[in-house]
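Enquirer: There's a structure below that I have some questions on.
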Amino acid sequence: MLADAGKDVRTYEVTDAMERVKQPDVLFVDVRDSNELVAEGKIPGAIHASRGLLEFYIDPESPYHKKELSNGSREIVFYCKSGGRSALAAQRAREMGLENIAHVGGGFIAWKEKGGPVEGVTQ
């Protein structure tokens, strides 16, 4: 499944993702579980949309819809802990009609290893 997802969506290396996070027309979406965010923090400016509820957050007919996930011309970059969930999330978002989708290869682990900025999260 991951190999197929890798073929379907753009993957950013961490250094490229660090440049993208500075762009106002790019939205980073953290698909990790809430407990992971609280324990480890997140990429500054990222919104949270756990992988388990992603389809509900994307679907504009869902009561859980997040308007931020109606991307229009904005790029949406998903990330998770190591890159697996985000690849699948990006693939699913694309299947649901979102365009200009990508994910961060290596995920939040690689982000921190490369010295990417992190902001704390509280519940």
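Enquirer: Taking the condition of being closer than 13 Å to residue 93 by Cα, touching a residue at least 24 places away in the same chain (Cβ under 8 Å) and more than 12 Å from the chain's Cα centre (by Cα), how many residues in the stretch 30-67 meet it?
Expert: Counting residues in the stretch 30-67 that are closer than 13 Å to residue 93 by Cα, touching a residue at least 24 places away in the same chain (Cβ under 8 Å) and more than 12 Å from the chain's Cα centre (by Cα) gives 3.
To keep it simple, each residue is scored yes or no on (1) buried (at least 22 other Cβ atoms within 10 Å of the Cβ); (2) of a type in the set (S, T, N, Q).
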| position | (1), (2) |
| --- | --- |
| 60 | no, no |
| 67 | no, no |
| 73 | no, yes |
| 81 | no, no |
| 84 | no, no |
| 91 | no, yes |
| 99 | no, no |
| 103 | yes, no |
| 107 | yes, no |
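Enquirer: Please go through the stretch 10-19 and give me each residue that is among the charged types (D, E, K, R) and within 17 Å of residue 94 (Cβ to Cβ), ordered by number.
Expert: Within the stretch 10-19, the first condition is being among the charged types (D, E, K, R), and the residues that meet it are 10, 13, 16, 19.
Answer for the stretch 10-19, where residues must be among the charged types (D, E, K, R) and within 17 Å of residue 94 (Cβ to Cβ): just 10.
Enquirer: Pick out, from the stretch 1-43, the helices (runs of 4 or more DSSP H) lying fully within it that include 3 or more residues that are of a type in the set (Gly, Ala, Ser) and either at pLDDT below 95 or surrounded by fewer than 17 Cβ atoms within 10 Å (Cβ to Cβ) (or both).
Expert: Values: elements: 2-8, 14-20, 34-40.
Per the criteria, 2-8.
The values are calculated or read from the model by the stated rules, or taken from the named source; none is laboratory data. Every value quoted in this text rests on a predicted model; they were computed, and no experiment measured them. Quick reminder, even Gly has a Cβ in these numbers, built from the backbone with ideal geometry, and neighbours come from all protein chains shown.
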